[in-house]
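Where a number appears in this text, it was derived from the coordinates with a stated rule and is not lab data. From a predicted model like this one, the values you see are computed outputs, not experimental measurements.
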Amino acid sequence: MTTIQLIATLISAVVIPYIVQLIKTHAMSANVARAIAIGVSLLAGVVTGFIAGIPTTPSAWLTCVFAVIGGVQIAYTAFKTVGVTSKWLDALQNIGTPKETD
């Protein structure tokens, strides 16, 4: 296991559930919870993107970008279940979803 894989495992298995539980028990204010959730979601995304190493080709960069987006979405989904929301992360999750017309 590489160092980056170890970090990804710790973030996804320990850090995110622990912070979700802190938010759920109202151990922090809503603004602090939102900032921490966004920061941890971004960290999880970046670590997920770089699991295979630093990209060296355009196709590897594209794969890395999609992995980062996926990592952010997965982490943010855990925080969203306890009421933490963000306009731009919600918009990121809605990419590709057909718009409803009235």
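Report the full-extension gain for the segment residue 91 to residue 52: residue separation times 0.36 nm, less the Cα-Cα distance, to one decimal in nm.
Details: separation 39, 0.36 × 39 = 14.04 nm, distance 2.69 nm.
Here the answer is 11.4 nm.
Would you work out the relative contact order for the chain, in percent, from Cα pairs under 8 angstrom that are 6 or more residues apart?
Values: 80 pairs, mean separation 32.2, N = 102.
Reported relative contact order: 32 percent.
GNM, the chain, Cα, under 10 Å: largest mean-square fluctuation among 77, 57, 85?
For the chain, modelled as a Gaussian network with Cα springs under 10 Å, the answer is 57.
Which helices of the chain meet both criteria: a Cα extent of 24 Å or more along the helical axis and a mean Kyte-Doolittle score no lower than 0.0, with helices taken as whole DSSP H segments? Mind showing how you got there, number by number?
Numbers: long enough: 30-49 (28 Å, 1.58); 58-80 (32 Å, 1.15).
Helix filter hits for the chain: 30-49, 58-80.
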